[in-house]
1. Restricting to the range 12-49, count the residues that are in contact with a Ser or Thr (Cβ under 8 Å, 6 or more places away or on another chain) and either open to solvent by less than 60 Å² (accessible area, probe 1.4 Å) or of a type in the set (K, R) (or both).
2. Would you pick out the residues in the range 119-142 that are within 20 Å of A279 (Cα to Cα) and open to solvent by 60 Å² or more (accessible area, probe 1.4 Å)?
3. One residue is enough: does the range 272-291 have a residue meeting the conditions assigned to a strand (DSSP E or B), in contact with a Lys or Arg (Cβ under 8 Å, 6 or more places away or on another chain) and at pLDDT 90 or above?
4. Quick check on my filter: what residues within the range 145-156 are assigned to a strand (DSSP E or B) and open to solvent by 20 Å² or more (accessible area, probe 1.4 Å)?
5. So which residues in the range 157-201 are open to solvent by 40 Å² or more (accessible area, probe 1.4 Å), of a type in the set (S, T, Y) and not in a loop (DSSP other than H, G, I, E, B)?
6. Is it the case that the range 272-284 has a residue that's open to solvent by less than 20 Å² (accessible area, probe 1.4 Å) and hydroxyl-bearing (S, T, Y)?
7. Of the conditions (1) closer than 28 Å to L94 by Cα; (2) modelled with pLDDT of 95 or more, A295 fails just one. Which one is it?
8. Search the range 75-116 for residues being among the polar types (S, T, N, Q) and surrounded by 12 or more Cβ atoms within 10 Å (Cβ to Cβ), and hand back the single one that is nearest to L7 (Cα to Cα).
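The values are calculated or read from the model by the stated rules, or taken from the named source; none is laboratory data. Given the structure is predicted, the values throughout are model-derived calculations rather than measurements. Here the Cβ positions follow ideal geometry from the backbone for every residue, glycine too, while neighbour counts run over all protein chains shown. Areas reflect the complete protein model, heavy atoms only, side chains present, ligands, DNA and RNA absent. Shrake-Rupley method; radii C 1.70, N 1.55, O 1.52, S 1.80 Å.
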Amino acid sequence: MLDLKALRCFVVVAERLSVSRAAPVLHISQSALSRQIQGLEEVLGVSLFDRIGKRLVLTAEGDDLLPRAASLVDQALDLSTRLRSMARGEAGLLRIGATPQTIEGLLSPVLVSLRARYPAIETSLVEGSNDFLLEQLQTGAAHVAIAALPQQHSFESQPLFMGYLHAVVPECQTFTSGKSAEVGALADQPLLLLRKGFMTRKVFDRACAQAGMRPRVILESDSTQTLLALANAGYGIAIVSSAALRHRLAMEGSRLVALTLDGQALGQMISAVWDPARARSAVLEPFLRELAEHAVPGISCCRSGSPPVLP
């Protein structure tokens, strides 16, 4: 194995063709530097320098080695610098899991802001349902996820905001004229739902079971955008999370109704979630700070469980 320190000594001497000028740059004595060069020549089995009078010149082997050694030394220095930046949380890779609606409504500005502040932090996205994201944390495919936690879990988390359930009701529907409604009032209404595994679907199914209501589902989808488009067209009532409505409040042909159960708003806390059983990346901290600045999805809540108000 080549000694990177000896290679760097060779590069610095070769660039200056002088041991006396190279020694101060490397912060070692001339004699120690000469020993480094001699040791490298012994390892390689070739001479790297010729001495012509008082001048040093590169041999053919030294001339051939110089650009390759310089590139290797530069890469090693870059790697060392990056490792120090990684330890400070200023560089590294972070795999982030989120649902499609969370990516659109929350993560888009977070990722842009994170890149502007920490250009050396690389991010990649894992997209899927809430249950899928929690599985990805356990397998290590994601380092952090924006998700709702089950009652029993072994994750660590940072709460971000409440995701409340809303019905997007076409104007042609006679479901209700109020701004909120009990989930049981949706009985016999044509419903557009996210597939099982999403937080919104889980909260809605649980509320329906508690209300003793069997929903009439005419579509299950992975896309909130699909649900909203069909609701706006008058095809059915879409059940969505308030977080998914952050950029979709200007809707034509439909209105929003906050869903309740026994007068309490239906919703669940959305958190940044990670697995404490896995090594915690230093770049998680700046990401969590960015999330905290962008987490409130334009939703304010009234007192004591009353339905949330969308501006």
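1. Going through the range 12-49 one residue at a time, the tally reaches 6.
2. Of everything in the range 119-142, those that are within 20 Å of A279 (Cα to Cα) and open to solvent by 60 Å² or more (accessible area, probe 1.4 Å) turn out to be E122, L125, E135, Q138, T139.
3. Yes, that holds for at least one residue.
4. E156
5. The answer is S157, S180.
6. Within the range 272-284, not a single residue is open to solvent by less than 20 Å² (accessible area, probe 1.4 Å) and hydroxyl-bearing (S, T, Y).
7. (2)
8. Once the filter is applied, the top-ranked residue is T81.
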